[in-house]
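The values are calculated or read from the model by the stated rules, or taken from the named source; none is laboratory data. All figures in this text were calculated on a predicted structure; none of them were measured in a lab. Note: ideal-geometry Cβ built from the backbone for every residue, glycine included; neighbour counts use all protein chains shown. Please note that ligands, DNA and RNA were not included when accessible areas were found on the heavy atoms of the full protein model with its side chains. Shrake-Rupley method; radii C 1.70, N 1.55, O 1.52, S 1.80 Å.
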Amino acid sequence: MPGHIAIIMDGNGRWAQQRRRPRMIGHRAGARAVNRTIEFCLERGIAALTLFAFSSENWGRPQEEVDSLMKLFLGALDREVDELHRRGVRVRFIGDRSRFSAGIVQRMDKAEQRTLANAAMTLNIAASYGGRQDIALAARALAQQVAAGTLLPEQIDEQLLGRHVALADLPAPDLFIRTGGDTRISNFLLWQLAYTELWFSDVLWPDFDATILQQALDDYAGRERRFGLTSAQIAADAAQGALP
Ligand code: FPP
């Protein structure tokens, strides 16, 4: 069973188009699929779920769609946080919050503070997030330490940079899922997905349900994760409980 699942929820627009409805109807149906997914992960004891809700590139969509999505997020924040808190979910947001309205930022902060001590599951919402931006910000933080004289350039290595990217306090995603038929990572968690198992589905996000998620989990269960090692080494490490 994966401890951490990361999902690109793609296909809302096409789902609506197929029904000759406005794209926002697809996003609303997508929000219901988000609730189903959280429920499923809680039932299965998945420790962390990271959802790509809005990329840094999505700001470039038609203004009307961006505005409607913001309204949807605001409504979801107002409606869902009580229930998530009740279910013991810790909610966090990753990405550039400075681009959101004050109302949304305030609700994000409040949701994070309110659910800080919850331990049933960590739900990370990537909003105005970009993987390259994440790595660039980590590099900037280290450069600032070098400039301040508190860090030597030769002290910078993978471990240190990895401690400055988003979600550094969580194990990296074990399983990445993308719906909607495209087989790309689309600037999601570039650093964090280095050894993640990737699983793609043609299903459009609003149709995502427990059956499809179970297919992904079954597929994941049959995979051998070698982290660059050989099968024999992995078997020996697993016997000693020494896998990353
Ligand atoms: C991608 O589908 C989806 C988005 C850009 C928005 C994701 C938002 C939701 C799932 C709704 C609610 C989320 C939360 C966290 C409350 P697309 O529009 O790119 O679909 P298309 O590729 O078919 O056009």
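Condition first: open to solvent by 30 Å² or more (accessible area, probe 1.4 Å) and more than 20 Å from Gly95 (Cβ to Cβ). Now tell me which residues in the range 175-191 satisfy that.
Gly181, Asp182, Thr183
Which residue is most open to solvent (accessible area, probe 1.4 Å), if the candidates are limited to the range 45-72 and must be among the acidic types (Asp, Glu) and more than 10 Å from the ligand (Cβ to nearest atom)?
Only one residue fits best here, namely Glu64.
Can you tell me which residues in the range 73-88 are more than 13 Å from Ala127 (Cα to Cα) and either in a helix (DSSP H, G or I) or near the ligand (Cβ under 9 Å from one of its atoms) (or both)?
Those that are more than 13 Å from Ala127 (Cα to Cα) and either in a helix (DSSP H, G or I) or near the ligand (Cβ under 9 Å from one of its atoms) (or both): Gly75, Ala76, Asp78, Arg79, Glu80, Val81, Asp82, Glu83, Leu84, His85, Arg86.
Take the residues in the range 225-244 that are within 18 Å of Pro171 (Cα to Cα) and part of a loop (DSSP other than H, G, I, E, B), then tell me which one is most open to solvent (accessible area, probe 1.4 Å).
Ranking the candidates gives Pro244 first.
Give me a count of the residues in the range 95-107 that are within 11 Å of Phe54 (Cβ to Cβ) and open to solvent by less than 30 Å² (accessible area, probe 1.4 Å).
2
Could you give me the residue pairs with C-beta distances under 7 Å whose first residue belongs to the range 89-105 and is without any contact (Cβ under 8 Å) to a residue 60 or more places away in the chain and among the acidic types (Asp, Glu), whose second residue is surrounded by 15 or more Cβ atoms within 10 Å (Cβ to Cβ) and part of a strand (DSSP E or B) wherever it lies, and which are 6+ apart or on separate chains?
Listed by first residue and then by second, the contacts come to Asp96/Ser128.
Could you please tell me which pairs satisfy a Cβ distance under 6 Å, a separation of 6+ or placement on different chains, a first residue in the range 22-48 that is touching a residue at least 60 places away in the same chain (Cβ under 8 Å), and a second residue that is within 11 Å of the ligand (Cβ to nearest atom) and among the aromatic types (Phe, Trp, Tyr)?
Pairs found: Gly26/Trp15; Gly30/Trp205; Ala33/Trp205; Ala33/Phe208.
Considering only the range 16-30, state which residues are within 7 Å of the ligand (Cβ to nearest atom) and open to solvent by less than 30 Å² (accessible area, probe 1.4 Å).
Within the range 16-30, Gly26, His27, Gly30 qualify.
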